[in-house]
Amino acid sequence: LPSYSFVDTSDENLKRFVDQNGDWTHYWITNKKQFVKSVNHVLHLGYAKGPRFHEYLLSVSKDEAKKKLNAAGDEGTRTHMAIRDLINGVRIKMTSKYPTEHGRGRMEYLNSDEWENVMAWMAWADKYKPRVISNEFAVYSILHQYAGSPDALMVITVPADDKKFPEDVRGHDVLLMPDWKTSSAIHPEYRSQLSAYWCAIRERGYFRNEVVKFDDAHSFTGIVRLGT
């Protein structure tokens with residue numbers, strides 16, 4: 001059996017239950033002495049990837065499919081790390097290096113696709129002027145028995161002509177919990193992922209003062225698809 005270790009999160013009462021490869025499917029709630037499932041693990045088990053994905057798997061060997069999926073996972077992880085640095089005020093240069101998730105932590109420069117993802121995020125941030133409340137923070141739900149890590153919680157200013165938002169909030173500040181995605185499409189499970197995180201935020205009272213300032217009509221979750 002693989003050995004596991006407990007890894008700290010941003011919440012002192014929540015730890016990831018991580019295997020030797022750095023992966024996890026469960027979290028440990030220390031003050032409740034209780035395991036709960038990872039939101040992403042539940043969604044991975046519960047959502048079909050669609051006919052195109054299965055057709056692709058049938059068209060390549062197992063090793064080729066694994067290599068492709070690992071590369072896509074690395075791109076998403078390294079893009080998230082770069083965005084986290086930008087939010088934290090770290091300047092990214094051509095010489096900046098980030099670890100590869102499936103390369104045993106090997107440090108590498110951002111590739112061209114990852115740079116495009118970062119530039120897309122910069123364009124989005126320039127448009128919406130985000131004021132970050134928290135970045136990559138851990139949440140959990142006792143009621144629904146799950147945990148996970150939203151990418152961010154922030155206040156943004158909706159442009160007056162932005163039709164992606166309801167008319168009554170255009171030109172105003174809203175509370176937004178976004179998720180950065182580097183995938184080629186917005187899949188159904190993404191909505192469930194954000195809904196689960198938001199329910200945990202409301203249940204646990206995270207950032208209560210900030211949430212109170214915005215009623216449901218001025219609070220949103222959203223997918224920010226990068227690199228397209």
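The table that follows gives values for the structure above.
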| item | result |
| --- | --- |
| Under Karplus coefficients 6.51, -1.76 and 1.60, residue-wise ³J(HN,Hα) of region 81-94 in Hz, glycine/proline x | 4, 5, 5, 4, 4, 4, 4, 7, x, 8, 7, 9, 10, 4 |
| Kirkwood Rh and Cα Rg combined as Rg over Rh, evaluated for region 1-50 | 1.03 |
| Solvent-accessible surface (1.4 angstrom probe) belonging to Asp85, in square angstrom, nearest 10 | 30 Å² |
| Residues with amide H under 5 Å from that of His26, placed H, sequence gap 5 or more | Phe17, Ser38 |
| Rounded accessible area per residue of region 76-202, 1.4 Å, Å² | 51 Å² |
| Cα centre as origin, Lys/Arg/Asp/Glu Cβ charges: region 80-123 dipole, Debye | 240 debye |
| Among Met122, Ala147, Gly171 - extreme Cα towards positive end, dipole of region 108-172, charges at beta-carbon | Gly171 |
| Kirkwood-type radius of region 107-211, with distances r between different C-alpha atoms, in Å | 15.5 Å |
| Equivalent ellipsoid dimensions for region 90-146 as semi-axes, Å, which come from the Cα gyration tensor, largest first | 27, 21, 10 |
| Region 94-175 - charge dipole about Cα centre, Lys and Arg +1 at Cβ, Asp and Glu -1, debye rounded to 20 | 180 debye |
| Amide H contacts of Leu14 (H built 1.01 Å from N, under 5 Å, at least 5 apart or other chain) | Thr9, Thr30 |
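The values are calculated or read from the model by the stated rules, or taken from the named source; none is laboratory data. Predicted, not measured: the structure shown is a model, and the values here were computed from it. With ideal geometry, Cβ positions are generated from the backbone for all residues, glycine too; neighbour counts draw on all protein chains shown. We work out accessible area using only protein heavy atoms, side chains counted, and drop any ligands, DNA or RNA first. Shrake-Rupley method; radii C 1.70, N 1.55, O 1.52, S 1.80 Å.
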